[in-house]
Amino acid sequence: QVIKVYSEDETSRALEVPSDVTARDVCQLLILKNHYIDDHSWTLFEQLPHTGLGRALEDHELLMEVQSNWVMEEENKLYFRKNYAKYEFFRNPLRFFPDHMISFPSETNAAVSHSTILQMFLSSSTYPEIHGYLHAKEQGKKSWKKLYFLLRRSGLYFSTKGTSKEPRHLQFFCEFSNSDMYMSLTGKKIAGAPTNYGFCFKPNKSGGTRDLKQLCADDEQSRTCWMTAIRLLKYGMQLYQNYMQPYQGRSGCSPLTPMRSISENSLVAMDFSGHRSRIIENPTEALSVAVEEGLAWRRKGCLRLNSHGSPVALSNMGMSIHRSQSWFHHKISREEAQRLILQHGLVDGVFLVRDSQSNPKTFVLSLSHGLKIKHFQIVPLEDDGKLFYTLDDGHTRFTDLIQLVEFYQLNKGVLPCKLKHYCARIAL
């Protein structure tokens, strides 16, 4: 079988794959072919432009089954990108399931720990109840209705009488075994949704937009909670196995993936400064040597050749050197920045730097924190003929944007969290 995979910059690559290939197999193959670092956050993203929907494929999903549900005349695509939020709920479930949206069985103690929540979600006998208001699009109509919904092991229900949970007031809305869950990528545009936090259920053999069961939350935290709980309900232990086995193919090694010839555990720190090389046994010394090498590399990089072949200090080029950085996005709008960060996953520390559209001389740092995207203005300052950049009105100054980003990767400073994961437009 031949599949076509796109990257953020719309470059694409055709791959010949076996018919039982999984999303994880394809990610691993593209990582190796493009020499990317495998940090277990790569994912395949299915995008349906006709309906404005998209979803991250689960690692175990079979691609041929996914593509068999595509309609020929619709230009659906698979994108290869990072999704840092893919398994974040396993690391920090308390953030994903706020107290006001989750109820536990009556025998459960009032205080529920990190591990207890996961055990309950993955257990076949118990399941926490998720509840709250959602806007639902009425079948065959353009109108939306705000209803009180409940998620139980048997499916998704809504109450016909306020917030009543009595069985006689609960009406079945959807179950998930024969449908896939998608996020709305167009916000209010296509379906006239009341907010930008839409998601829906699409039957595997859909006859069109009429078969979609469309919902809309009031905020990102609510949407994330519902979608995460439904993923856990649908896939259960399979998700946990995907998370716990970063890459082991169906028989220990994927047929697409050659065995690595060296283990990272066998690598050691070396000192080549003397007449004879030596292994550095002391971890503190190894760290200081690594830091010094990084600083030396930076000092070497601080000189560039000008058009006449003469060295020119990097500080004089501070206006443009950031353009070569993967985290810098030239002339994108606030909305595009938010879309990019959302695609990479709303975990704390996902960021990018962009030109300011309101003030051409300044830049903006767009950062994810607490399931929200915040924007911070980077202001240029001139002092004694030298140009600096600052986020905090000049208290902390940097000669260029690279130095600024490196500082906030190590220090929180005035930001709500450190910069951890940058949004990059990769090419295939």
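So is L352 of a type in the set (A, V, I, L, M, F, W, C) and closer than 24 Å to N34 by Cβ or not? Can you show your working first?
On the way: of a type in the set (A, V, I, L, M, F, W, C): yes; closer than 24 Å to N34 by Cβ: yes.
Here the answer is yes, as L352 does meet what is asked.
Please work out which one of (1) closer than 24 Å to F201 by Cα; (2) small (G, A, S); (3) loosely packed, with under 13 Cβ neighbours inside 10 Å; (4) in contact (Cβ under 8 Å) with a residue 40 or more places away in the chain is the condition G54 fails and give its number.
With respect to (1) closer than 24 Å to F201 by Cα; (2) small (G, A, S); (3) loosely packed, with under 13 Cβ neighbours inside 10 Å; (4) in contact (Cβ under 8 Å) with a residue 40 or more places away in the chain, G54 is out only on (3).
For segment 194-218, which residues satisfy the criterion of being in contact with a strand residue (DSSP E or B) (Cβ under 6 Å, 6 or more places away or on another chain) and open to solvent by 10 Å² or more (accessible area, probe 1.4 Å)?
If the condition is that a residue be in contact with a strand residue (DSSP E or B) (Cβ under 6 Å, 6 or more places away or on another chain) and open to solvent by 10 Å² or more (accessible area, probe 1.4 Å), then P194, T195, Y197, K202, P203, D211, L212, K213, Q214 are the ones that fit.
So which residues in segment 127-138 are open to solvent by 40 Å² or more (accessible area, probe 1.4 Å) and modelled with pLDDT under 85, if there are any at all?
E138
Taking into account only those residues within segment 126-144 that are among the aromatic types (F, W, Y) and assigned to a strand (DSSP E or B), which is farthest from C225 (Cα to Cα)?
It comes out as W144.
Mind telling me which of the residues I102, I3, I37 ends up being buried (at least 19 other Cβ atoms within 10 Å of the Cβ), over 19 Å from Y182 (Cβ atoms) and at pLDDT below 95?
Values: I3 fails: buried (at least 19 other Cβ atoms within 10 Å of the Cβ); I37 fails: buried (at least 19 other Cβ atoms within 10 Å of the Cβ).
One residue alone meets the criteria, I102.
Considering only residues of segment 341-356 that are buried (at least 19 other Cβ atoms within 10 Å of the Cβ) and in a helix (DSSP H, G or I), which is modelled with the lowest pLDDT?
In this case the residue turns out to be Q343.
The values are calculated or read from the model by the stated rules, or taken from the named source; none is laboratory data. Only a predicted model underlies this, so the values are computations on that prediction, with no experimental measurement involved. Neighbour counts are summed over all protein chains in view; Cβ atoms, including those assigned to glycine, are modelled from backbone coordinates with ideal geometry. The protein model used for the area step is the full one, side chains on, heavy atoms only, and it has no ligands, DNA or RNA in it. Shrake-Rupley method; radii C 1.70, N 1.55, O 1.52, S 1.80 Å.
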